[in-house]
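Here's the structure we're looking at; comments come further down.
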Amino acid sequence: MADVEDLSLSRRDLMAAGAATATLAGSAQAASAAPADAPSLVKVAFEVNGREQTLTLDTRTTLLDALREHLKLTGTKKGCDHGQCGACTVIVDGRRINSCLSLAVMHEGDKVTTIEGLGTPDRLHPLQAAFVKHDGYQCGYCTPGQICSAKAVLEEIKAGMPSHVTEDITKDPKLTEAELRERMSGNICRCGAYSNIVEAIADVAGGLSKGEMA
């Protein structure tokens, strides 16, 4: 039988043992927490401006950052990064979206069109040429998003999709200034070139409906 004196611990021994136990517990927690902080990488394949692209991305990467940081397509702008200004607008499978609000991994197999896919400096898209003709920009930061959005707007009207200001949703919407301003309301121009933007879009569409002034 052990001697009682051999089993006794001094106060100093007890404190040292407690500190060692706490250190080991902290180390164990740190070791278990490290993998959770590591990025989760996945491969994503989609078509951008007619070209197949395959990227290995952190699952938290937005479509905007995938385009700008990984594919170097910097025409798409990062403005508010909260889906409020529209500077990051791109067209995905024919529909305009705020690319800052959409994760890249959600677009496996999708067809993405950015401003670089619409035209080139030597061969402008009709909307790009119209924005130049009508001074539809000043600083130009929002312009790529404005033009991508405008392209989708004209397709929406052509397809008969109503908006909040469509007078009769049982009929095809008319190309009015009110329709254009409503549909483009998600794209903010801090320079205030709205009137010229409407003129540019109306010009490409062949003019506003009869009796409407741009």
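The values are calculated or read from the model by the stated rules, or taken from the named source; none is laboratory data. Given the structure is predicted, the values throughout are model-derived calculations rather than measurements. Cβ atoms come from the backbone with ideal geometry, glycine included; neighbour counts cover every protein chain shown.
List of remarks:
- Among (1) crowded, with 18+ Cβ neighbours inside 10 Å; (2) in contact with a Lys or Arg (Cβ under 8 Å, 6 or more places away or on another chain); (3) closer than 30 Å to Lys72 by Cβ - the single one Val198 does not satisfy: (3)
- If you check Ser209, Ser185, Ser163 for being modelled with pLDDT under 95, hydroxyl-bearing (Ser, Thr, Tyr) and surrounded by fewer than 20 Cβ atoms within 10 Å (Cβ to Cβ), only one passes: Ser209.
- Among the residues making up the stretch 167-182, those that are surrounded by fewer than 20 Cβ atoms within 10 Å (Cβ to Cβ) and touching a residue at least 12 places away in the same chain (Cβ under 8 Å) are Asp172, Lys174, Glu177, Ala178, Arg181, Glu182.
- Residue pairs meeting the criteria (Cβ under 8 Å; at least 6 apart or on separate chains; first over 18 Å from Cys142 (Cα atoms), in the stretch 59-81; second of a type in the set (Gly, Ala, Ser) and assigned to a helix (DSSP H, G or I)): Thr61/Ala104; Thr62/Ser99; Thr62/Ala104; Ala66/Ala104
- The residues of the stretch 119-148 that are outside any strand (DSSP E or B) and either among the β-branched types (Val, Ile, Thr) or free of Cβ contacts under 8 Å to residues at least 40 places away in the same chain (or both), listed by number, are Gly119, Pro121, Asp122, Leu124, His125, Gln128, Ala129, Val132, Gly140, Thr143, Ile147.
- Where Ala150 falls short, out of the listed (1) surrounded by 23 or more Cβ atoms within 10 Å (Cβ to Cβ); (2) within 28 Å of Asp172 (Cβ to Cβ); (3) in contact with a Cys (Cβ under 8 Å, 6 or more places away or on another chain): (3)
- Scanning the stretch 145-190 for residues being in contact with an Asp or Glu (Cβ under 8 Å, 6 or more places away or on another chain) and polar (S, T, N, Q) gives a total of 3.
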